[in-house]
Each structure stands twice: as C-alpha cells, then as structure tokens.
1. Using unit Cβ charges (K, R positive; D, E negative) and no other charged atoms, how large, in debye to the nearest 20, is the dipole of the chain about its Cα centre?
2. What is the projected area of the convex hull of the Cα atoms of segment 304-364, averaged over all directions, in nm²?
3. Using a Gaussian network model of the chain with C-alpha springs under 10 Å, which one of Leu352, Leu221, Leu392 is most mobile by mean-square fluctuation?
4. Over the Cα atoms of segment 19-60, how large are the radius of gyration and the largest Cα-Cα distance (Dmax), in Å?
5. With springs only between Cα atoms under 10 Å, which of Ala186, Ala349, Ala65 fluctuates most in a Gaussian network model of the chain?
6. What Kirkwood Rh does segment 82-145 have if only Cα atoms enter the pairwise 1/r average? Answer in Å.
7. Return the single residue from Ala318, Ala301, Ala293 with maximal mean-square fluctuation; model: Gaussian network over the chain, springs between Cα atoms under 10 Å.
8. Mind putting a number on the dipole of segment 10-109 about its Cα centre? Charges go on the C-beta only, +1 for Lys and Arg and -1 for Asp and Glu, and I need it in Debye to the nearest 20.
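The values are calculated or read from the model by the stated rules, or taken from the named source; none is laboratory data. Every value quoted in this text rests on a predicted model; they were computed, and no experiment measured them. Neighbour counts are summed over all protein chains in view; Cβ atoms, including those assigned to glycine, are modelled from backbone coordinates with ideal geometry. These area figures cover heavy atoms from the full protein model, side chains too; ligands, DNA and RNA do not enter into them. Shrake-Rupley method; radii C 1.70, N 1.55, O 1.52, S 1.80 Å.
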Amino acid sequence: MHPGTDTPPRPTGAGRLVLTLGGLCAVSPFAIDMYAPGFPRIAASFGTSGTAVQLSLTACLAGLAAGQLVLGPVSDARGRRRLLLAGCGLFAVLSLVCALAPSVVVFDIARLLQGAAGSAGIVIGRAVISDRFSGAHAARQLATLSVIGSTAPVLAPVAGGVVLGFGSWRLVFVVLAASGLVLLAAVWAWVPESLPAERRRPGGVRAVFAAMGGLLRRRELAGHLLVMGCGLGALFAYISGSPFVFQTVYGLSPTGYGLVFAVNAVGTVLAGVLFGRWAGRVSLNALLTAGVAVTVGALLALVALLAAGISTFPTTWACLFGLTFGFGLLLPASTTLVLAIGGQAPGAASGLLGGAQFVLGAAAAPLPGALGGTTAMSTALVVAGCALLAALALSLSPGRGSATVSRPAPTGPGPAHDAGAARSP
C-alpha cells in the first residue's frame with residue numbers, strides 16, 4: 001500500500017480484468033432472459049403450456065442459486081481461476097445441450113445445469129473484485145459489475161428478438177455456447193489467480209462453509225441479503241411475466257418487446273452511473289433506501305392504475321421503467337454492503353449474495369402465471385409484492401440508518417486491504 005493512501009494501487013491490467021468479469025456477470029443473465037421472446041414458440045415446439053416454459057426459467061435460477069452457494073465458499077479455499085475456467089467450459093457445453101434438447105424435460109434439466117455452470121462467473125467475479133480492490137474504488141468496480149449484471153436481463157430480450165428474426169429459438173442457445181467459449185479464452189488470457197495459496201481459508205472447504213454459517217448469524221448481513229433477494233424476485237417476476245403481457249396483452253412483436261426492454265435498460269444504466277458518482281460521498285444505506293423507495297413507488301403506481309382500469313401500454317411501460325431505475329441503485333448498494341460486512345470471507349459472502357438473489361428469483365419467476373394465465377395485473381401484483389418485501393426487510397435490518405459498515409481486515413499474508421477502507425461512505 002502506498003504511504004498516505006487508504007487503498008492499494010490499481011492492479012495492472014485492471015481494465016481488461018473488469019471487462020472480463022463484466023462479461024462473466026452478463027452471460028448468465030443473458031442465459032436467463034435471451035430466450036424470453038421465444039417463450040410462445042418454445043411452448044408450441046414442445047407442445048406444452050406457457051407456465052411449463054416459465055418453469056425452465058425457474059430451473060436455471062435454481063441452478064444459479066445452488067452453484068453460487070457452493071462455488072463461492074469453495075473458491076475461498078481452492079482459489080478462483082481454475083473454477084472460472086471450468087465454469088465457462090461447462091456453460092458452453094450445456095448451452096449446446098439446451099439447443100439440441102428433444103423434449104421439455106431434457107431442456108429443463110440442461111437449464112438447471114447451465115445455470116449452475118454460469119454461476120461461477122457471477123459469484124467468483126465479485127470475490128475477485130474483493131481480492132483486488134477496497135474502499136470506494138471497490139464500490140465503483142462492484143457498481144460497474146452491477147450495472148452490467150442488471151442491464152443484461154433487460155438487454156437480453158433485445159438480442160433474443162434479433163436472433164429469433166434469423167432462426168428458431170434453438171439458435172439462441174448456440175449463440176450462448178459461442179459466448180461461453182469467448183469468455184473461456186478471455187479468462188485464460190486476462191484473469192490471473194487473485195487468491196494465492198497463502199491467503200486461502202485454512203481448514204479446507206468445511207471451514208469455509210462454517211464461515212458462511214457465521215456470516216448468516218450477523219443480522220445486518222442477513223437483512224441486506226433479504227433486501228437483495230426480494231429485489232431480484234421482483235425483477236425476475238417482471239422478466240417472466242412481461243413477454244406474455246407485452247406480446248399477448250399489448251400486441252407487441254418479439255422485436256418490439258425487445259425494444260421496450262432496451263429503453264428500460266437505460267434506467268438501470270443511468271442509476272448505476274449515478275451510484276458510481278455518489279459512492280464515496282453519499283451513505284450506501286441512503287442509496288439503498290432510495291433504490292427501494294423508487295422501486296416500491298413505481299410498482300404501487302402500476303397496481304393502482306390497473307385497478308382503476310387504466311391498462312395501457314405507455315403507463316405500464318413507464319412504471320416498469322421506474323422499477324429498473326430503482327433496481328439500478330438497489331443492486332450495487334446491497335452488494336457492496338454485504339461484501340463489506342462479510343469481508344473476511346469474500347467468496348462465502350458472494351455465494352450468499354447469489355443464493356439470496358436466485359433462490360427468491362426462482363420462486364418468484366413462475367408466479368405471474370400461477371393462477372392459469374399471465375396478465376398485466378397478475379404480473380404487477382407479484383412484482384409489487386416482492387418490492388414491498390424488500391422494503392420490509394430494509395426497515396427491519398439492524399443498523400439501517402447507519403452511515404458506515406466496517407469491513408474486517410482479511411487474515412493471512414498477501415496484499416492487504418485496509419481494515420477501514422471498505423466502510424460504506
């Protein structure tokens with residue numbers, strides 16, 4: 001560490017590193033949502049219902065959740081690089097299995113395993129940032145990953161709509177397989193091992209999972225995990241229900257549906273840019289509260305409009321833009337807070353983040369169509385319910401008004417983080 005500074009010097013090749021980690025964070029959201037415009041075609045192809053196709057989304061989310069809960073802690077004990085390489089390779093193979101699936105059962109199983117493989121990039125990418133950066137600089141890098149990770153779900157249907165214009169829904173998964181191979185090459189070239197053997201958790205994998213249990217006993221961390229998870233539940237319920245709402249209720253084409261999501265992505269990107277500028281000057285708790293408030297307000301407005309009989313394309317779109325903007329603040333703020341609180345075991349903390357995100361996301365994804373049909377009101381009620389649960393979790397979280405969150409100093413030799421550098425500003 002340089003004298004007179006509270007953060008380590010920026011690592012060499014940081015731009016290429018963060019670019020690659022951003023790609024790793026984006027590929028799984030693309031796998032989740034890129035095929036969404038093809039839901040009606042997939043249902044017809046397999047001779048099944050729309051709800052059954054939504055369950056393939058749940059399978060992928062369940063794989064993402066389980067994979068992160070396992071791979072995050074394992075990377076604390078075994079290192080990051082080899083797991084990233086294995087995850088990219090398996091993601092490419094399983095994407096091809098999805099493309100060639102002869103039945104919805106095979107498709108769902110492949111989606112489950114594809115999600116587990118793709119989880120490596122998300123959970124280990126966050127841990128690599130914690131290994132290499134600290135303080136406000138870590139918050140900004142995590143904000144970059146969060147913008148990419150939260151923009152990908154709303155840009156993916158745009159890409160999916162374009163691909164569907166050239167071929168069947170199976171072509172989407174061929175594109176995902178090619179993306180996995182590109183990321184495999186990028187990790188090989190640009191992502192060195194960030195956790196040398198001397199800094200790994202002693203006691204092996206069992207000790208790391210014990211550390212995860214210790215983190216869960218910290219009520220403040222558990223509260224922020226619930227805020228994050230319920231926020232993701234709202235987003236994935238929106239993503240699952242919106243293809244049917246915009247295409248069936250409002251009559252949009254797959255391409256038009258993709259364009260709606262592209263515009264909503266602007267809200268997420270704008271919020272992420274603002275978060276990056278405010279990090280270091282505004283309390284992370286204040287930014288998190290603002291993100292939750294905007295999300296809840298937008299969804300309550302949508303429910304009220306629909307209940308009053310105002311079910312128009314512009315009003316629904318405007319309210320969902322508010323959802324994506326609020327989420328663009330909620331995600332990086334809660335991510336930074338959880339990683340700061342769990343700074344002694346970044347992989348375990350990152351795994352808990354992924355588990356909270358995708359367990360609740362998997363539970364919420366099929367709910368818009370659970371009563372037999374996906375409507376604008378059923379989607380709005382599920383999304384609003386998840387947003388309200390996020391607000392409740394935030395209100396009950398210990399220390400929610402605190403301006404700072406301390407990050408414990410890591411144990412063991414190696415490039416040290418300043419013990420106070422990761423306080424939420």
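1. Dipole size: approximately 760 debye.
2. 5.3
3. Maximum among the listed residues: Leu392.
4. Cα only, segment 19-60: 12.6, 40 Å (Rg, Dmax).
5. Result for the chain, Cα springs under 10 Å: Ala186 fluctuates most.
6. Hydrodynamic radius (Kirkwood, Cα only) of segment 82-145 equals 13.2 Å.
7. Residue with maximal mean-square fluctuation among Ala318, Ala301, Ala293: Ala318.
8. Magnitude of the dipole: close to 480 debye.
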